[in-house]
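The values are calculated or read from the model by the stated rules, or taken from the named source; none is laboratory data. Bear in mind the structure is a predicted one, so any value in this text is a computation, not a measurement. Note that we place each Cβ from the backbone using ideal geometry, even for glycine, and neighbour counts take in every protein chain shown. For the accessible areas, the whole protein counts, side chains as well, though only heavy atoms, and no ligand, DNA or RNA atoms are used. Shrake-Rupley method; radii C 1.70, N 1.55, O 1.52, S 1.80 Å.
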Amino acid sequence: MITIGELTLVLLAGSFLTAIFVVTVSFYSIKRGHFYFPRLVKSGLVMSEGMVKGICNFFSLDDKELTAFFIRLHNTMNSKAFSKIESSKRAVFLPQCLRNSQCPANLTPEGLQCRRCGRCEIGQNIDRLENLGYNVWIAPGSTLIKRMVIKYKPEAVIGIGCLVEVKEGLDLLDKINIVGMGVLTMKDGCVETALNWNDLFEVALLGLEDK
Ligand code: SF4
C-alpha cells in the first residue's frame, strides 16, 4: 500500500512539474514569437492537459491564448509532412456556420451541397480549393467529418473552426495518424462566422506552390 501511495505521489509530482514546464515554455514562446522545445512541449501537453489548464486558471492566464499557441505549434510541426501529401489526398472541412443565414444549400449524406448562390464566400473558395485538387466538404457537424474520413481515407485534413473544435479535431487526427492542420475562424458562433481565407490558403498551398 505504501509503495502504491509513493508511486501515486511520484506520478502526481511528475505530472505537475510537466505542466509547469509546458505553461512556462509556452508563454515564453508566445512572448518571444518562437517555438522553444516544440516536441517536448507538445508531448507534455498531451500528458498533462488537465493540469496545464488548472495552472492557467490558478494564475489567471489566458488558456485560449495557450490553445491558439498549441494549434500554431501543431501546424508548424506537421507542415513538412503535410507538404509532401498530394492535394488529391487532402481533405478540407468547412464549418457550416460560415454560410450566409439565407443559405439555400441542401443537406445531403455528404454534407451541405453549396449552390454557388454568391451570398457568402464559400462557393468561390470551394472552387479554388477543388481546382487545386482538394476534396472539400461543408460539415454540419463532427459526425460527418468522422464519416467522410472513414469513407475517403484522406492522408491529410485541414480543419476549420473555433478554438475548441480545431483543438479537438487535431487531437483526434493525431490519434488516427492523419496529418492534421488547423485554421481558426475569426469569429466564434453558430451563424455567419468569418474566416480569413488567406489563412486557409496559406496552409492549403503548402507543398503546392511549385506546382
Ligand atoms: S455560396 Fe454556397 S454556402 Fe454560401 S450561402 Fe450560397 S449556397 Fe450557401
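With (1) under 18 Å from the mean Cα position of the chain (by Cα); (2) modelled with pLDDT of 80 or more; (3) among the β-branched types (V, I, T) as the list, and I20 as the residue in question, which single condition is left unmet?
Failed condition: (1).
Looking at the range 183-199, is at least one residue touching a residue at least 12 places away in the same chain (Cβ under 8 Å), assigned to a helix (DSSP H, G or I) and assigned by TED's automatic domain parsing to the domain that holds N100?
Yes: the range 183-199 contains one or more residues that are touching a residue at least 12 places away in the same chain (Cβ under 8 Å), assigned to a helix (DSSP H, G or I) and assigned by TED's automatic domain parsing to the domain that holds N100.
Which of the residues belonging to the range 101-144 are of a type in the set (D, E) and within 23 Å of G189 (Cβ to Cβ)?
Result: E121, single match.
Take the residues in the range 1-45 that are hydrophobic (A, V, I, L, M, F, W, C) and not in a helix (DSSP H, G or I), then tell me which one is most open to solvent (accessible area, probe 1.4 Å). If you could, list the steps in order and put the result at the bottom.
Within the range 1-45, the subset hydrophobic (A, V, I, L, M, F, W, C) is 1-2, 4, 7, 9-13, 16-17, 19-23, 25, 27, 30, 35, 37, 40-41, 45.
The next check asks that each one be not in a helix (DSSP H, G or I); those that pass are 1, 35, 37.
Numbers: M1: 189, F35: 60, F37: 120 Å².
Top of the filtered list is M1.
For residues that are more than 14 Å from the ligand (Cβ to nearest atom), over 18 Å from I145 (Cα atoms) and in contact with a strand residue (DSSP E or B) (Cβ under 8 Å, 6 or more places away or on another chain), tally how many sit in the range 74-118.
7
Starting from the range 52-65, keep only residues that are touching a residue at least 24 places away in the same chain (Cβ under 8 Å), then list their pairs with residues that are loosely packed, with under 14 Cβ neighbours inside 10 Å whose Cβ atoms are within a distance under 8 Å, requiring at least 6 positions of separation or different chains.
That search, which allows pairs on different chains as well, returns C56/D62.
For the range 189-202, how many residues meet the condition of being in contact with a strand residue (DSSP E or B) (Cβ under 9 Å, 6 or more places away or on another chain) and surrounded by fewer than 19 Cβ atoms within 10 Å (Cβ to Cβ)?
Looking only at that region, the number is 4.
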